[in-house]
Structures are given as C-alpha cells and as structure tokens.
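Step one of this worksheet: look at the structure below.
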Amino acid sequence: MDADGNSGLKDFENQLATDAGTDDKGTWVHKLRDAMNKLVDGTPYKGQLRAKLPKSSSAYKDFTFLDEEFSHNEDILLMLRWKDSDGNLIDHYVAVKNVTGSGSSRTVSYMDPANGATKSGTATIGGDGKLHLSHDGTD
C-alpha cells in the first residue's frame with residue numbers, strides 16, 4: 001500500500017492503458033488483449049491467464065461462444081456499444097460474472113467498471129446477427 005492507502009491498482013490501470021495505447025477515443029479490443037497478455041508474460045500465470053478474442057465476429061451470431069467460454073470458467077469481457085442521446089457511438093467494457101439461461105436469450109450478470117456495480121441484463125441475438133444486451137435500460 002502506498003501512503004494514501006492505495007494498493008497499487010491505479011499503477012496497474014495506468015500500465016494497462018499505456019500498453020493498450022488508450023487515448024481520448026478509448027481502447028481498441030485487440031490492443032487491450034495484447035496489453036493484458038503483456039502483463040502476465042514472464043509470470044507463473046502466463047499459461048493460465050491468456051486473453052483471447054473469438055476467431056471471428058460471427059462468434060456472436062448465437063450463444064455458442066459465450067456458453068463455451070463461461071462453462072470453462074473463463075473470464076469474459078464484453079464490449080457494449082450504444083448510441084447516446086446525441087447519436088454518438090459509445091463503447092464500454094464490462095466483466096461478465098454469470099451467464100444463465102438457454103435457447104434464444106441469456107441473463108448476463110456483469111460488473112460495470114465505471115462504478116463497480118454488479119448489473120444484470122437480458123442478452124439476445126438481434127436480427128442484425130449481433131449480441132444485444134440491455135445496459136442501464138438501453139439495448
């Protein structure tokens with residue numbers, strides 16, 4: 001702990017943001033994956049804590065990928081994208097804590113890193129072939 005009682009988490013966040021090339025426009029998904037992997041390189045956890053992306057964007061045309069990853073106890077980060085009231089696209093990462101259900105929808109519990117709150121939403125596959133998750137009342 002430092003003199004302010006912090007456990008070094010801010011240093012971790014800063015290093016991750018630096019390695020991922022985060023700027024005022026945010027962080028690209030593939031750069032976040034690479035930065036996460038860089039943090040575990042050279043540690044005993046390298047083989048266990050490898051971040052990966054789905055093989056293709058078609059992985060989200062159904063729930064097979066999410067169900068499989070979650071059944072293996074894999075941690076999952078989802079990037080949510082929505083339009084704000086001004087029509088701007090907003091991207092936001094959330095950490096999945098639980099996935100339940102079957103068929104054409106799932107209940108997804110996740111931690112919102114913006115405030116640390118655990119939230120829950122219903123996920124479905126939309127007519128556009130993309131995963132849709134309600135987040136704070138927005139699809």
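The values are calculated or read from the model by the stated rules, or taken from the named source; none is laboratory data. Note that the structure is predicted; figures quoted are calculated from it, not measured. Positions of Cβ are backbone-derived with ideal geometry, glycine not excepted, and every protein chain shown enters the neighbour counts. Each accessible area value is taken on the protein alone, full model and side chains, heavy atoms only, with ligands, DNA and RNA left out. Shrake-Rupley method; radii C 1.70, N 1.55, O 1.52, S 1.80 Å.
For the residues F63, F12, F70, a 1.4 Å probe over the protein chains yields an accessible-area ranking, largest first, of F12, F70, F63. Within the chain, the ratio Rg/Rh, alpha carbon atoms throughout and Rh by Kirkwood, equals 0.98. Dividing the helix sum by the residues of the chain, where each DSSP H run of 4 or more adds -39500 (n - 2.57), gives a mean residue ellipticity at 222 nm of -6500 deg cm²/dmol. Mean-square fluctuations from a GNM of the chain, with a 10 angstrom spring cutoff on Cα atoms, peak among S109, S120, S71 at S71.
Under 5 Å between amide hydrogens, built in the peptide plane, is the criterion, and for A123 it picks out R106, T107, V108 among residues at least 5 positions away or on other chains.
Against the main long axis of the alpha-carbon atoms of the chain, helix 29-40 sits at an angle near 40°. Note on K97: accessible area approximately 110 square angstrom, rounded to 10, probe 1.4 Å, nucleic acids and ligands left out. Taking amide H atoms as placed 1.01 Å from N in the peptide plane, the amide H of Y93 lies under 5 Å from those of L80, each 5 or more residues away in sequence or on another chain. Can you tally the net charge around T22? Count Lys and Arg as +1, Asp and Glu as -1, for every other residue whose Cβ sits under 11 Å from the Cβ of T22. Its environment carries a net charge of -2. Surface composition of the chain: carbon plus sulfur atoms hold 49% of the accessible area, using a 1.4 angstrom probe and ignoring ligands, DNA and RNA. The mean accessible area for residues of segment 54-139, using a 1.4 Å probe and ignoring ligands and nucleic acids, is 62 Å² per residue.
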